[in-house]
1. Which of the following residues is out of contact with any helix residue (DSSP H, G or I) (no Cβ under 9 Å at 6 or more places or on another chain), under 22 Å from THR158 (Cβ atoms) and not hydroxyl-bearing (Ser, Thr, Tyr): PHE85, PHE56, PHE95?
2. Return the residues of the stretch 159-174 that are loosely packed, with under 15 Cβ neighbours inside 10 Å and part of a loop (DSSP other than H, G, I, E, B); say none if nothing qualifies.
3. Report the residue count in the stretch 89-144 for those that are outside any loop (DSSP other than H, G, I, E, B) and loosely packed, with under 12 Cβ neighbours inside 10 Å.
4. Scan the stretch 119-129 for residues that are within 22 Å of ILE99 (Cβ to Cβ) and either modelled with pLDDT under 95 or in contact with a His (Cβ under 7 Å, 6 or more places away or on another chain) (or both) and report the count.
5. If I ask for residues that are hydroxyl-bearing (Ser, Thr, Tyr), surrounded by 16 or more Cβ atoms within 10 Å (Cβ to Cβ) and under 16 Å from PHE148 (Cβ atoms), which ones from the stretch 34-54 would you list?
6. Filter the stretch 145-158 down to the residues that are under 24 Å from VAL28 (Cβ atoms) and among the hydroxyl-bearing types (Ser, Thr, Tyr), then identify the one that is surrounded by the fewest Cβ atoms within 10 Å (Cβ to Cβ).
7. Could you please find all residues in the stretch 145-175 being closer than 13 Å to TYR135 by Cβ and aromatic (Phe, Trp, Tyr)?
Amino acid sequence: MKNTFILVAILISLAGCSEELPEEYDRVVISTLLNATWRTECIIDGENSYLPTLTFTSNGGKDYDSGTGTSSNIYHTGDTTCATFDPEIQDINTFSYSIGEIVIIDGSVDELTEAIEIDTVNTTEDSADIGAEEYDIFAIKDKFTLYFGDKTDPINGTTAELRPTQLTDTVVYIR
């Protein structure tokens, strides 16, 4: 009888493992993956080069659905390979963000079929655009590649209704 009770307890716990994980778990994973510094490939600008950089910092908390971030360009003067040892960080902007719902996309970019809504607000002090909101989507592939929405007019992310519905691989960030 004692062995039967133990066997039933084990089967019940195994059955519990086969259930789908709650949506909150997905949000924690997504937020944790996004919480990093991301860079594009080196961009040549005349005799110089630069690396566009995004840094996301999750607020954590109960919902893992918001945070802050910075965007900047790491300039390499007189170098077209982004390899100088004394780069200058320019064009620094700050923002706050919130993560929304998972949306279905067509898989045309790196075979990704799901993306996540992200809303940002410009928080850069003394910026003419402070308070400006932007509505986008993003997806992370294999933990190290970050894609954003295809903002081709008229779907340019200026309102929630004009949020991109597909990803683009024109600018790809890696960590």
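1. Testing whether each residue is out of contact with any helix residue (DSSP H, G or I) (no Cβ under 9 Å at 6 or more places or on another chain), under 22 Å from THR158 (Cβ atoms) and not hydroxyl-bearing (Ser, Thr, Tyr) leaves just PHE95.
2. Once the filter is applied, which keeps residues that are loosely packed, with under 15 Cβ neighbours inside 10 Å and part of a loop (DSSP other than H, G, I, E, B), the stretch 159-174 yields THR159, THR165.
3. Residues meeting the conditions: 4.
4. Within the stretch 119-129, residues that are within 22 Å of ILE99 (Cβ to Cβ) and either modelled with pLDDT under 95 or in contact with a His (Cβ under 7 Å, 6 or more places away or on another chain) (or both) number 1.
5. THR40, THR53
6. So, considering only residues that are under 24 Å from VAL28 (Cβ atoms) and among the hydroxyl-bearing types (Ser, Thr, Tyr), the one surrounded by the fewest Cβ atoms within 10 Å (Cβ to Cβ) is THR145.
7. PHE148
The values are calculated or read from the model by the stated rules, or taken from the named source; none is laboratory data. Everything numeric in this text was worked out from a predicted model, so none of it was measured. Cβ sites come from the backbone with ideal geometry, for glycine too, and all protein chains shown count toward neighbours.
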